[in-house]
1. Does region A:240-274 hold any residues that are of a type in the set (Ser, Thr, Tyr), more than 9 Å from chain B (Cβ to nearest Cβ) and closer than 18 Å to A:Phe212 by Cβ, and which are they?
2. Going through B:Ala165, B:Ala156 one at a time, which residue ends up being within 14 Å of the chain's Cα centre (by Cα) and surrounded by fewer than 21 Cβ atoms within 10 Å (Cβ to Cβ)?
3. Scan region B:105-120 residue by residue and report those that are at the interface with chain A (Cβ under 9 Å from one of its Cβ atoms) and under 13 Å from A:Pro264 (Cα atoms).
4. Here are A:Leu267, A:Leu204, A:Leu262: which of them is within 16 Å of A:Val129 (Cα to Cα), surrounded by fewer than 21 Cβ atoms within 10 Å (Cβ to Cβ) and touching a Ser or Thr at 6+ places or on another chain (Cβ under 8 Å)?
5. Anything in region B:121-178 that is more than 9 Å from chain A (Cβ to nearest Cβ), without any contact (Cβ under 8 Å) to a residue 12 or more places away in the chain and not in a helix (DSSP H, G or I)? List them, or say none.
6. Scan region B:81-104 for residues that are away from chain A (no Cβ under 14 Å), part of a helix (DSSP H, G or I) and surrounded by 14 or more Cβ atoms within 10 Å (Cβ to Cβ) and jot them down.
7. Would you please name the residue that is farthest from A:Ala278 (Cα to Cα), looking only at residues in region A:155-171 that are modelled with pLDDT of 90 or more and aliphatic (A, V, I, L, M)?
Amino acid sequence: MSYGDTIPLHPSSQSDIDEVENLINAGAHSATVLPVRPPSPSRASITVSHSPFPLPPYQKVPPSSSPTPVVPSVPAAAAAAAATAPGESSRIGISTDALGSPPDTLTEPVWDTVKRDLTRIVSNLKLVVFPNPYREDPGRALRDWELWGPFFFIVFLGLTLSWSASVKKSEVFAVAFAVLASGAIILTLNVLLLGGHIIFFQSLSLLGYCLFPLAVGALVCMLEGNVIIKIVVVSVTLAWGCWAAYPFVSAAVNPRRKALALYPVFLMYISVGFFIIAID
Amino acid sequence: MEEGYTSLPASHLLGSVPAVIAEDKTTSVASEAASSANLHLFPPSNGGYQAPGTPSGADEQTTSSWQGVFSISSYSSYFNVDTDVVVERIISSVYPMNDFYRKIDGNPDLYGPIWISATLMFMLAALGNVGTYVMEKRNDSSTTWTFDVNYVEWSACAIFGYVLAVPAAFYFLLQYFGFRTSLVRLWCMWGYSLFIFMPICMLLVVPVELFRWIIIILAGTASSWFIAVNLKACTQSSDLMILIVGAMVLQFALALFIKMFFFP
């Protein structure tokens, strides 16, 4: 890390620098070199110098990467590390040579794996959907993205709509799932084509997490039959979802094209909201 | 060392620094002309998006051109519009004046057609159900609300199929007759011509049959006239009256299909 850089830092890099400093201070007397991505199975026995505070490979940005580059490279590094993380019960662990207990995720109980993923989903949810001080900093907000959360929410929303429907249940699920999944991909491509700067999978993850309010709304509407209440509930959750998605999308594009990037997001959420109200 | 830099060992630098030779000027001019004229080629044939005037275009254009189809940056040139430009194009699509084609001539965009079609698809599915329910309720007050999810599938196929297939067919027909038009401009034009159906959808919910028919006939006529005027501007000739009439008939048929299928 070079403190004497003359390159002006991206505003969100400061939070990254703080985090990396904490990491270094925490593992202060270690010279741990955490690889950016877990090693392939053929190199399963990488010798690392012992550290009293072994961090799981996917968790945080390794201190070896410089904090000054543009923000997307930081999520990209975390993304590369996290790319193999999703929910696999078999992990590629780093085995040390006879020095203490390695963070070997291959032999841990399944409940530990599941719990770790669940806590990650909850923490991402809190960052994206609920008010918190980091929301204005899009580079920080969903750095630890993953796709399990969005997958759960999309499937849950599809299932809820399918349960609510009295006829053509499988078609309702198919339409809901197709619209949401392809909609997220198309919306991300839309931002990229308009010249915006986002990371593809991070944006997919984000749009999926912003479905959480609508999923809650769909659940309430399934249990409650009155149309007026349904309209009120869906409007509130729709507004909440749009509010959650707004800062990320609008920060990604040129300000003159902000409306062009935001309109399709609102279109998709409003269509899903109408779908929730209309399913009988 | 003053006799020049040719004596320096620079063989390891080959490829990293372009040699400054006189013929680079001509290739850079050629690449400039080529890159500015590339907007009418679809799919994009260069391997990546080139800002006009980059002198290194000579290398990129000789690489395999099919890879341009898969890189996002090569499609960015079709989305090079701002919010106010899109709004202005939408407004000028409602009035069948003949300056729409000139507006999009320099910078045809695909953003408008894609999102107007998507919006129209959702509106047709939603308001079609509402309109059908309201009409049935009027005739037989014991009907309950049902949401026919097939409307979504039908509207997606109808609208996107129409916007994709009809301009492509006209592109090939016009090429056959010897006119050099650009597929992107045709897609842009047909896409924006659908905008008028969006407020029409909302009006079609009113359950008075005569009102519905009047509205849809007016909308169909306006939309067909828009297509005809702009096709004429595009081809700059009236020899192809049969093609223009064909386009008008197709647009009117779409309007009738919207009325009869989604708002019976």
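The values are calculated or read from the model by the stated rules, or taken from the named source; none is laboratory data. These numbers were taken from a predicted model, which means no experiment stands behind them. Here Cβ is always computed from backbone atoms with ideal geometry, including for glycine, and neighbour counts include all displayed protein chains.
1. Of region A:240-274, the ones of a type in the set (Ser, Thr, Tyr) are A:246, A:250, A:263, A:269, A:271.
Narrowing further to those that are more than 9 Å from chain B (Cβ to nearest Cβ): A:246, A:250, A:269.
If the condition is that a residue be of a type in the set (Ser, Thr, Tyr), more than 9 Å from chain B (Cβ to nearest Cβ) and closer than 18 Å to A:Phe212 by Cβ, then A:Tyr246, A:Tyr269 are the ones that fit.
2. Numbers: B:Ala156 fails: within 14 Å of the chain's Cα centre (by Cα).
Step by step, each of B:Ala165, B:Ala156 is checked, and only B:Ala165 is within 14 Å of the chain's Cα centre (by Cα) and surrounded by fewer than 21 Cβ atoms within 10 Å (Cβ to Cβ).
3. Keep residues of region B:105-120 that are at the interface with chain A (Cβ under 9 Å from one of its Cβ atoms), which gives B:110-111, B:114-115, B:118-119.
Answer for region B:105-120, where residues must be at the interface with chain A (Cβ under 9 Å from one of its Cβ atoms) and under 13 Å from A:Pro264 (Cα atoms): B:Tyr111, B:Ile114, B:Trp115, B:Ala118, B:Thr119.
4. After applying the criteria, what remains is A:Leu204.
5. B:Asp140, B:Ser141, B:Ser142, B:Thr143, B:Gly178
6. Narrowing region B:81-104 to residues away from chain A (no Cβ under 14 Å): B:91-104.
Still in the list and also part of a helix (DSSP H, G or I): B:91-94, B:100-104.
Result: B:Ser92, B:Ser93, B:Val94, B:Phe100, B:Tyr101, B:Lys103, B:Ile104.
7. Here the answer is A:Val155.
Here is a yes/no grid of residues against (1) part of a loop (DSSP other than H, G, I, E, B); (2) more than 21 Å from B:Leu127 (Cβ to Cβ); (3) of a type in the set (A, V, I, L, M, F, W, C):
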{"position": "A:Ser166", "(1), (2), (3)": "yes, yes, no"}
{"position": "A:Phe177", "(1), (2), (3)": "no, yes, yes"}
{"position": "A:Ala215", "(1), (2), (3)": "no, yes, yes"}
{"position": "A:Ile231", "(1), (2), (3)": "no, no, yes"}
{"position": "A:Val236", "(1), (2), (3)": "no, yes, yes"}
{"position": "A:Ala239", "(1), (2), (3)": "no, yes, yes"}
{"position": "A:Ala244", "(1), (2), (3)": "no, yes, yes"}
{"position": "A:Pro264", "(1), (2), (3)": "no, no, no"}
{"position": "A:Gly273", "(1), (2), (3)": "no, no, no"}
